[in-house]
């Protein structure tokens, strides 16, 4: 089920989303072997980040999570060593607080065998590295422009449900040179222990992911498709091949899966791919790209 996202060619439209699994080359290799079309790394910052202390994640009824890990990662130097022998379609998610951070990361990472970058502008629970940047139109434009001015590798910009209009943010990113929009990131959420009266997460506020946010993700992809000209990757609450089809029909060129791997393991990926293949045969579609944007014909 080959697919194209702009100039990128993948063996299928299923990409593993940032943040759900580790940062080791071995897990990237394994994900590709079990069928992923591409893998997005956990967000990498210029310097190591310890993140928040536990508890950092809790489950919600209906196959969902709330997490506040705090963008914990080993930093640029360590990560570049980890992926120095990479040979799978890897997209590196990058996060920072200044333009200089992004330029330094891009200039180092672009020499490696990676597919491209995903710019994380929408982490809902880390100050000065997430939504605060994504909600600043000038910052969005300047960061995207500088990344594209320093690298010819494809740039995905991940947008979320911040204070600014998601379509406006996507348009700014497109005008600055972004190659693709990923929609959406997790949504600010909270859970309280009714026995103790305390918020469950140490950070109190986290990001909601999983099945709970799928209808919001589909709506955002549908609206983005009507308003921007670059490809869109749908993300949020995908557990079955039917979910994939819905995102594609809304206008996504590919999708990212995450929470399903936490709840169902790596076999979930194979189940989705088999279901999607059978659906295409049943509906007599010769190519998965034929599904893209069907809902806009109504």
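Points to keep in mind about this one:
- Sorted largest first, extent of the range 40-197 alpha carbons per principal axis (Å): 53, 36, 26
- Antiparallel beta bridges, as assigned by DSSP with both residues in the chain, represent about 40 percent of the total such bridges.
- The range 235-298: C-alpha gyration tensor shape, a/c 1.5 cut-off, then a/b vs b/c: oblate
- Of 24, 151, 277, 43, the sequence from fewest to most neighbouring Cβ atoms within 10 angstrom is 24, 277, 151, 43.
- This ranking places 285, 247, 52, 141 by how few other beta-carbon atoms lie within 10 Å of each, fewest first, which gives 285, 141, 52, 247.
- Over every Cα atom in the chain, the radius of gyration and the widest Cα-Cα span, Dmax, amount to 18.0, 56 Å.
- R0 of 30 Å, Cβ-Cβ distance residue 54-residue 87: FRET efficiency to nearest 0.05: 0.30
- Normalising the average separation of contacting C-alpha pairs (under 8 angstrom, six or more residues apart) by the number of residues puts the relative contact order of the chain at 19 percent.
- Whole-angstrom gap from the range 248-298 to the range 46-88, using each part's C-alpha centre: 26 Å
- Beta-bridge orientation, the range 144-298: approximately 30 percent antiparallel, per DSSP, counting only bridges with both partners inside.
- Cα gyration tensor, the range 1-97 - rounded (a/c under 1.5), prolate or oblate: oblate
- Footprinting exposure proxy ranking of 179, 152, fewest other C-beta atoms within 10 angstrom first, gives 152, 179.
- Calculated mean residue ellipticity, 222 nm, the chain: -10000 deg cm²/dmol, from DSSP H runs (n ≥ 4) at -39500 (n - 2.57) each, averaged per residue and rounded to 500.
- Where labels lie 7 Å past Cα in the beta-carbon direction, separation of residue 298 and residue 145 in nm: 3.9 nm
- Gyration tensor verdict on the range 160-298 (Cα atoms; rounded if a/c is under 1.5, prolate if a/b is larger than b/c, oblate otherwise): oblate
Just so you know, all these numbers are worked out from the coordinates, no wet-lab data involved. Just so it is clear, the structure is predicted and the values come from calculations on it, not from any experiment. All Cβ positions, even for glycine, are placed from backbone atoms using ideal geometry, and neighbour counts span all protein chains on display.
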